[in-house]
């Protein structure tokens with residue numbers, strides 16, 4: 001149980017940053033010990049700032065998972081980058097994530113240079129996905145990271161190889177982050193693992209299911225909104241059923257059949273996979289109804305971005 005007022009209790013925020021698909025969301029889930037952020041091998045899966053809360057007897061660490069910093073091609077991309085930069089200025093420690101199975105490149109150097117401009121925030125380099133890399137690759141990535149940081153004069157406290165899949169060094173990373181937090185009381189109750197609204201998490205689970213069913217270009221065009229969510233009135237208290245009506249938005253008419261599939265087969269799979277995650281999240285049976293609609297070029301339209309929650 002979380003202690004509320006130990007003398008040296010620490011609480012604060014850590015941010016995971018890195019290129020798209022650097023394993024930030026998977027690591028966030030591993031550190032929290034529960035799935036609060038959707039994951040995918042598609043770049044730019046994360047589109048919102050997601051906070052996961054790690055409760056320990058002597059500390060409360062709020063981990064902020066951010067979208068991957070990238071060269072924006074749309075208004076949505078610009079807004080996601082703005083989210084990343086704004087988050088950097090509000091946290092106590094930053095975990096700069098580099099994937100062990102990918103060589104460092106210009107994008108990593110750009111990120112390191114941007115982080116070097118932040119003087120007051122502690123930075124740890126986190127080499128992720130060590131479970132899919134050889135020991136030689138991990139050592140090479142650590143060496144590349146050190147050289148990269150020296151080139152841009154980024155001051156780094158620690159270099160930590162981790163695996164969110166097998167848990168290697170996850171607890172150690174939490175400890176390092178916690179050591180850089182200021183002393184202070186917990187910011188959330190001890191049983192809270194995220195401050196994400198349930199409706200937003202459900203929409204993300206539907207989008208995650210959709211991402212597994214689409215090709216390489218379409219993921220950027222997919223957005224999900226919850227139109228209605230309520231308990232079915234004619235059910236007894238001991239057998240509740242949650243009715244959820246959702247919409248998958250795409251940007252062009254030609255994309256609708258890609259989501260729906262032949263005779264609706266793909267949309268059915270999306271619904272079935274999403275329903276499993278939603279049931280696990282809320283702990284009750286779910287009726288899920290999904291429509292597919294076109295929101296023309298929504299990534300470039302400020303009004304539609306607001307309507308879709310960006």
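Remarks
- Options 115, 176, 142: the member that is touching a helix residue (DSSP H, G or I) at 6+ places or on another chain (Cβ under 9 Å), buried (at least 16 other Cβ atoms within 10 Å of the Cβ) and on the phi < 0 side of the Ramachandran plot: 115
- Single unsatisfied condition, residue 275 versus (1) over 15 Å from residue 201 (Cα atoms); (2) assigned to a helix (DSSP H, G or I); (3) touching a strand residue (DSSP E or B) at 6+ places or on another chain (Cβ under 8 Å): (1)
- Criterion violated by residue 213 - all others in (1) part of a helix (DSSP H, G or I); (2) within 20 Å of the chain's Cα centre (by Cα); (3) more than 23 Å from residue 301 (Cβ to Cβ); (4) at pLDDT below 95 satisfied: (1)
- From the list 120, 73, 51, 79, the lone residue that is surrounded by fewer than 16 Cβ atoms within 10 Å (Cβ to Cβ) and either closer than 18 Å to residue 28 by Cα or touching a helix residue (DSSP H, G or I) at 6+ places or on another chain (Cβ under 9 Å) (or both) is 73.
- Count of region 231-269 residues which are touching a strand residue (DSSP E or B) at 6+ places or on another chain (Cβ under 8 Å) and either loosely packed, with under 11 Cβ neighbours inside 10 Å or farther than 30 Å from residue 299 by Cα (or both): 6
- Among (1) assigned to a strand (DSSP E or B); (2) at pLDDT below 90, the one test that residue 305 misses: (1)
- Matching option when the condition is in a helix (DSSP H, G or I), in contact (Cβ under 8 Å) with a residue 40 or more places away in the chain and more than 23 Å from the chain's Cα centre (by Cα), among 150, 136, 114, 144: 144
- All of (1) over 23 Å from residue 30 (Cα atoms); (2) outside the structural domain of residue 18 (by TED's automatic domain parsing) hold for residue 186 with one exception: (1).
- Every residue from region 73-103 that is more than 18 Å from the chain's Cα centre (by Cα) and either in a helix (DSSP H, G or I) or farther than 30 Å from residue 136 by Cβ (or both): 73, 74, 75, 89, 92
The values are calculated or read from the model by the stated rules, or taken from the named source; none is laboratory data. In this text, all values refer to a predicted model and were calculated from it rather than measured experimentally. Cβ coordinates were reconstructed from backbone atoms using ideal geometry, including for glycine residues, and neighbour counts include every protein chain displayed.
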